[in-house]
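Report on the structure given below.
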Amino acid sequence: MSAPLPELLAPDAAVKPVAARARARGGWARGLRLWLPAGFLLLMLGACFVWPNIYTLPNPVRGSVLEAGLPPLSPGHVFGTDPVGNDVFSRILYGGQISFEVGFAVTAIGLVVGGLLGIAAGYWGGAVDTIISRVLDVLIAFPALVLALVIAEGLGPSELHVIWALSVFSVPVYGRIARSATLALREQTFMLAARLSGTRGWRVMLRHIVPNITPQLMTFSLLGFGVVIILEGALSFLGFGIPLPEASWGSMIAQGQQTLSASPDLVLIPSAFLFATVVSLNLLGDALRERWAI
Amino acid sequence: MLALTAAACSSASSSSSSSAAPAANGAPRAGGSLTVLEATGYSGDWPDGLDPATNIDGAADQDYMDAVYGELFELGPKGAVIPDLATGYSISTDAKTITLNIRQGVTFTDGTAFNAAAVVWNINRDLKSACTCKPTWPVKSVTATGPYTVTIVLSAPDGAFIDEIFDSTADWIASPTAVQKMGEKAFAVKPVGAGPFEVVSDTLSSALVLKRNPGYWQKGRPYLDNLTFKSVASDEAGYEALLAHEGQVYVDMSTPSLLQQAAKNSSVEVENQLSTSPYDLQLNTLTPPFNNPKARQAIYAATNFAPILQHVFDNMYPSVQGFTGPGGICYDPTASGYQGYDPTLAKTLVQQSGLDQVTINLGTIQNLVAQETTEALQTQWAAVGIKSTIHAYALAPLIAQFTSGKWQSMVQTAGSFDPAAGVGVGFRFSSVSPFSGVHDPHLDSLLNQAAALTDMSQRCALYTQAANYIAKQYYGPFYFAFAPANVAVKGVVGPGLTQPLPAVVVTPTVLWEDVAYSS
Amino acid sequence: MAVAEELRPGIAARVLGSPSLRLAGRRLLAAIPVLWGVTFLTYVVMNLLPGDAAQELLGANATPAEVHQLELQLHLNEPFWVRYGHWLAGVLHGNLGTSVVNGENVTTILGARLPLTAELLGYAFVASIVLAVGLGVLAARKPNGIADRFSIVVSMTGLSVAPYVLALVLIYIFAVRLQWFPAIGYTSPSVNLAENLKSLTLPAVAIGFPLFSVYTRLLRADIVEQMQREDYIVTARAKGVPPWRILLRHALPNSMFGLITLIGLNLGTLVGAVAIIEPIFSLPGVGAILIQSISDHDVPVVEGIVVVFAAVVVVANLLTDVLYTALDPRIRYERSAS
């Protein structure tokens, strides 16, 4: 999608002056900027993963056709039902599970695989760097969505395939950030000291590089998480992601779109949750960046 | 029903002029531009162009074909056969020789003469084409036996020939000169016919811009100066476009909640058409699991359509057990021996046949109604232990699924204005059709006999037998007699828009030459 | 004045200076394997798609002999590398193959649709850049002022909203309710320019709003940083040069580099954006045919589109890279290496 390039999106390391001013302004506003989105995300995680195990929700896919098309605030269906009778509220929660699972998996793969590749490229430089960077360049030049669509079409749509497809793109993105961050670190004195004292390569990487670039990667990963959720939604919206009748926010929006004039809430409700989740992730990422003065 | 059948199957030629009378809204006035919206996935696509011999989408694109080519015979209100570019016909008593009388004084829009030779050229070309859309008559010869007379000799009797013409590519006559001069590829994009409109520009599967044919044979027609067809993504997109004044007509709306919404909207009129093609579930009896009759019976017993009809479709359509609908001939909603809903029996049969061991591939067309129906079925079946995955296909990939033979079950529509015609029964249940999952000589003979006769009561009796036989063999359950609606803004009148029409192939053909703004 | 002149030595002198040219040459060499890699990856991935191309092209009534004949012609039975070689040779000669669905030349299909998509993307880009520059400059002028807070809220919204959701909302509000813009369809500019722009406005906003948000954030941050950090700017301010002038004549042009690089890198994601937005608005562009072709397993068309887009992306990145280094090698080269 319009996933902008990481190192240029996360504003440069030096937006400190603004942060300094904000720090001077007052702690409670900053605290709110952190804890409000964090709180919302925790709430969503709890609702999506914990609540269905405690409280029995209507089945998100086995809705009875006798209850088709009920409006929100109907008895037993706080968000109403879709045209085949599935409860919208429970579809929101189960769809949320998918969003978080895919987001987490893709981001984790990107961080670990991409991160390692980036660090290796940055640290060793030379031929290793060239090869890795070229490969990452190729992957970034390739349109993400097309690959995901083709994988879904070729292997069949499923959550796992969505994760594979999106990981192919998160790896180079994290790889590039890790590489730039490593390059920036490489020239610092403590690094030179470590090399001179004969510490082995991978130990240097593990003990010095990783801890130092982690904050930057972590704050970016919150932004990336949001992008992945939107991408998964896009795949499902087009019908190449999570297959019907399983719930996914994207496919709920696509389905709702078909009857927008008659029941706009079928689009508005999943859209609102999608937006709120991604906004919270972005706000949290910004707040952490501010706090850690990255 | 008898009046309908009598009108449809007269064996004397008729020479009345096109009669569709505009409805109550006011007299039609000449002039104006109309934009018609159609949804992709079925009628809104014409990827192969509009050449009758090569347009795989065939009758799905009838709106465009009719506007450009006109028809030899048209199916009008109340099932009347309206002579358009042909003036009449006669069928021999052995139903093997059909004579068509071609209208005189007609020219194609490129100036060349429209005559028997042109018709013969076209029909022979259609028969020789490699298209799955080609006519399926057992033709021995097609010849011009006079400057305006065409004689078709069949090797087997076919009493339903004229009814079958509506669904057939032979109804659309292309200018032979233009095809030869432009070459097939270019012709498909800018076809030349003798219909009420001619092509200004054509962006395949997106927009077809037509203007009035000044040399059209019927004086005073068409009423409209400009007719544009645009493709939209869905019923909703079409409805929004109507509300946004980007179009005046939306053809084939089937989404129930939108229909209800439109009915409440005073700026548009919803015209429900007369169904001739019930929804059915085809089962592929040539491959597992449905080569096992017990498995098929389990499907029948697992399906309860009444609540689906009520809650999803607001009881808008009658439920049926056979392939006939209220808008067509030989309508009979019940079949004797039809296995009805019985969940206990279903569970037993599922276990006996091993249906619980497999996941069924349940296919359908990419259309909201079809998809909702399919999802509801999936839920019902799951309750008795049948697992399934749903695939929704656009028309071209759907055809590919059938031709590959790899499908297991497919929600489709079966039936036509005349069961012998087009997407009739043979299309879905005969041994020779690529879109059928049944190879049963007994059923073939019933259907062939019925098609061969000209006597209506005999034909209907045979069709009843066929429906009962299909029920007995559990070849595929039928659901309800569906017909989509056309939505038009107030002030537009015409057959199909303010007057219901029987559907030829699932969706009725609007007679565009008679559509107008009312004064 | 004197300060200003010092900062921007003649462009001609810079470009002709050999380091830049060598750098450009190196970049070009580096781009070639990337371009090759993309075409190769495309081909590999497309082969994942099942489907008997020859059978589908000829239709159900083709005899096995005919199918076999076509398979020979299209080299469909040969090993992967041979097929890839044929395809690549074709691409290098400008022949992108034939569509499986209707036998048309992929080049023709793309040629017919590319103008629409190009215009749509151009519209989205130009609008988002112009507005981003406007808002970014206003915001950076007074960090934490009203304009700045507004820009933060707007860009946060744009970053977080899904383009497909935005498109639906825009249609509902502006096309159905207000009827200011059409909901569907496309009018060619040769027919009516005003209608053409109207028909592309809503889709351009749907694509451009997220871009605008990213660019605004970047510009704002970059300008603020420069205004407070860069020596030459601090010097200029100390000398009494008015802040607006500094902003517009120095900080902004320098920030544009980062923006241009970002745009170049963004191009790759745009295929995805148009693939989603075009069908929603019933626009017969490249994105719409891409989705259709993937569903139809029309491998040649998909390959053709991907190759063309990837080439555009690689070339665009190459150009921005060269521009970047040529115009200000001292600062930028150091920065991009660190």
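Only the coordinates and a few stated rules stand behind these numbers; no lab work does. If you're wondering where the values come from, they're calculated on a predicted model, not measured in any experiment. Reconstructed Cβ throughout: ideal geometry from the backbone, glycine too, with neighbour counts over all protein chains shown.
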How big is the gap, in Å, between the Cα center of region C:143-222 and the Cα center of region B:186-237?
-> 34
About its Cα centre, how strong a charge dipole does region C:97-247 have in debye, to the nearest 20, once Lys and Arg get +1 and Asp and Glu get -1 at the Cβ?
-> 580
Hey, can you grab everything whose amide H is under 5 Å from the amide H of B:Val232? Only 5+ residues off in sequence or another chain; H modelled, so Pro and N-termini drop out.
-> B:Glu38, B:Ala39, B:Thr40
What number, rounded to the nearest 500 deg cm²/dmol, is the helix-based mean residue ellipticity at 222 nm of the protein assembly as shown, given -39500 (n - 2.57) per DSSP H run of at least four residues and division by all its residues?
-> -17000 deg cm²/dmol
Would you list B:Asp455, B:Asp332 from fewest to most Cβ contacts within 10 Å?
-> B:Asp455, B:Asp332
Region A:31-91: chymotrypsin sites (Phe, Trp or Tyr not before Pro) falling in loop per DSSP and having at most 10 other Cβ within 10 Å | A:Tyr55
Using the 2.2 N^0.38 Å rule of thumb for compact globular proteins, work out how the protein assembly as shown stacks up: its C-alpha Rg over that value, please.
-> 1.02
Label B:Lys387 and B:Ala30 with points 7 Å out from Cα along Cα→Cβ: what is the distance between them in nm?
-> 6.8
For region B:85-182, average projected area of the Cα convex hull in nm² = 6.3
List the lysines whose alpha-carbon lies under 25 Å from that of B:Lys387, not counting same-chain residues fewer than 8 positions away?
-> B:Lys294, B:Lys347, B:Lys406, B:Lys472
Averaging sequence separations of C-alpha pairs under 8 Å and six or more residues apart, then dividing by the length of region B:59-130, give the relative contact order as a whole percent.
-> 15
Note the angle between two axes, namely the Cα long axis of helix B:343-353 and the longest principal axis of the Cα atoms of chain B, as a number of degrees from 0 to 90, rounded to the nearest 10.
-> 80
For region B:402-427 and region A:246-294, what is the separation of their C-alpha centers, rounded to whole Å?
-> 42
Counting alpha carbon pairs within less than 8 Å and at least 6 residues apart, what relative contact order, in whole percent, applies to chain A?
-> 24
How high is the FRET efficiency from B:Thr145 to B:Gln449, r the C-beta distance, R0 30 Å, rounded to 0.05?
-> 0.60
Put +1 on the Cβ of each Lys and Arg and -1 on the Cβ of each Asp and Glu in chain B; which of B:Thr177, B:Leu242, B:Leu443 then has its Cα farthest toward the positive end of the dipole?
-> B:Leu443
Charge dipole magnitude, Cβ of K and R +1, D and E -1 - region B:146-225, Cα centre, debye nearest 20 = 520
Would you mind calculating the relative contact order of chain B from Cα pairs under 8 angstrom and at least 6 residues apart, reporting the percent as a whole number?
-> 22
If the chain between B:Thr99 and B:Asn361 were fully extended at 0.36 nm per residue, the gain over the current Cα-Cα distance would be 89.7 nm
Name the residue, out of A:Val279, A:Val171, A:Val50, whose mean-square fluctuation peaks in a Gaussian network model built on chain A with Cα pairs under 10 Å.
-> A:Val50
For the protein assembly as shown, with the dipole built from +1 on Lys and Arg beta-carbon atoms and -1 on Asp and Glu ones, taken about the Cα centre, which of B:Asn468, C:Gly287, B:Ser518 lies farthest toward the positive end?
-> C:Gly287
Expected sort for B:Tyr42, B:Tyr69 with the fewest Cβ neighbours (10 Å cutoff) up front is B:Tyr42, B:Tyr69
Quick one: which of B:Lys264/C:Lys198; B:Lys181/B:Lys211; B:Lys78/B:Lys128 span more than 26 angstrom between C-alpha atoms?
-> B:Lys264/C:Lys198; B:Lys78/B:Lys128
Check: region C:61-179 dipole with +1 on Lys, Arg Cβ and -1 on Asp, Glu Cβ, in debye | 800
If the chain between B:Ala306 and B:Lys490 were fully extended at 0.36 nm per residue, the gain over the current Cα-Cα distance would be 62.8 nm
Checking region A:203-294 for chymotrypsin sites (Phe, Trp or Tyr not before Pro) in a loop per DSSP with at most 15 other beta-carbon atoms within 10 Å yields A:Trp292
Residue farthest toward the positive end of the dipole of the protein assembly as shown, with Cβ of Lys/Arg at +1 and Asp/Glu at -1: which of A:Ser170, A:Asn86, B:Thr287?
-> A:Ser170
Mind pulling up the Rg/Rh value for region C:227-267? Radius of gyration and Kirkwood radius, both on Cα.
-> 1.13
Quick one: which residues, 5 or more positions from A:Ser74 or on another chain, have an amide H under 5 Å from its amide H? H modelled 1.01 Å from N in the peptide plane, none for Pro or chain starts.
-> A:Gly80
